[in-house]
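Visitor: Take this structure first; my questions come after.
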Amino acid sequence: MKEPAEAPPTRLRRLTEEEIALWIEVAKSVAGGPGATLPTLAAPPPPRQAAPAPEAKPAASAPPTRRRPSGPPPLAPLERRLKRDLARGRAAVDSALDLHGLSQAEAHYALRGFLMQAQMQDFRLVIVITGKGGRGRSDDTDWLHETGVLRRLVPHWLREPDLRPIVLGFEEAGPAHGGAGALYVRLRRRERR
């Protein structure tokens, strides 16, 4: 039988004088064993003297440093103007990826490779076709042949932290581009080194 893993040690804080006094009062109410003694409230140590601060020189007004936010960059929705232009045929997608007929693993791999390649080619907007899902069985027990799996999974994959440097945002495509069976994906500009 496996023994439970030990919890990581936690840092203990010092008790305040009030907490110590309360503990002593509680301990007095409990019968102690032979030779047991109660702790006494010791005087707190004197506060430390701070070292004298060196003379401060007036700081030159340096421009504030820009810190990169920790974590993946946030996703942004497509602009209303871009969506309107796409619907009217005034804007076009740079490339498309059709995931029909692929397994989950194949689709995930294909999506990642496609997005990385599209960013390298400085594409700004691509379309990913997932399909709407077939008219398969509605039997809940047949989870292996579930319909619309890629339609549900691709948005989760696009939100993954390691794709955030590539994906700026995504939304369901308009009717002219497949509607609910496709996604517009905006790509970030790649960082030049």
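The values are calculated or read from the model by the stated rules, or taken from the named source; none is laboratory data. Please read these numbers as outputs of a predicted model, since none were measured by experiment. Note: ideal-geometry Cβ built from the backbone for every residue, glycine included; neighbour counts use all protein chains shown. Only protein heavy atoms, including side chains, enter the accessible area calculation; ligands, DNA and RNA are left aside. Shrake-Rupley method; radii C 1.70, N 1.55, O 1.52, S 1.80 Å.
Visitor: What FRET efficiency, computed as 1/(1 + (r/R0)^6) with R0 = 22 Å and r the Cβ-Cβ distance, is obtained for D162 and E79, rounded to the nearest 0.05?
Guide: Computed FRET efficiency for D162 and E79 comes out at 0.30.
Visitor: Sticking with this structure for a sec: Pop out the carbon and sulfur fraction of the accessible area of segment 147-193 as a percent, whole number, probe 1.4 Å.
Guide: That share works out to 50 percent.
Visitor: Give me the extension gain from E191 to D122: residue separation times 0.36 nm, minus the current Cα-Cα distance, reported in nm with one decimal.
Guide: 23.8 nm
Visitor: Just reorder S103, S29 by solvent-accessible area, largest first, 1.4 Å probe, all chains present.
Guide: Highest to lowest solvent-accessible surface, that is S29, S103.
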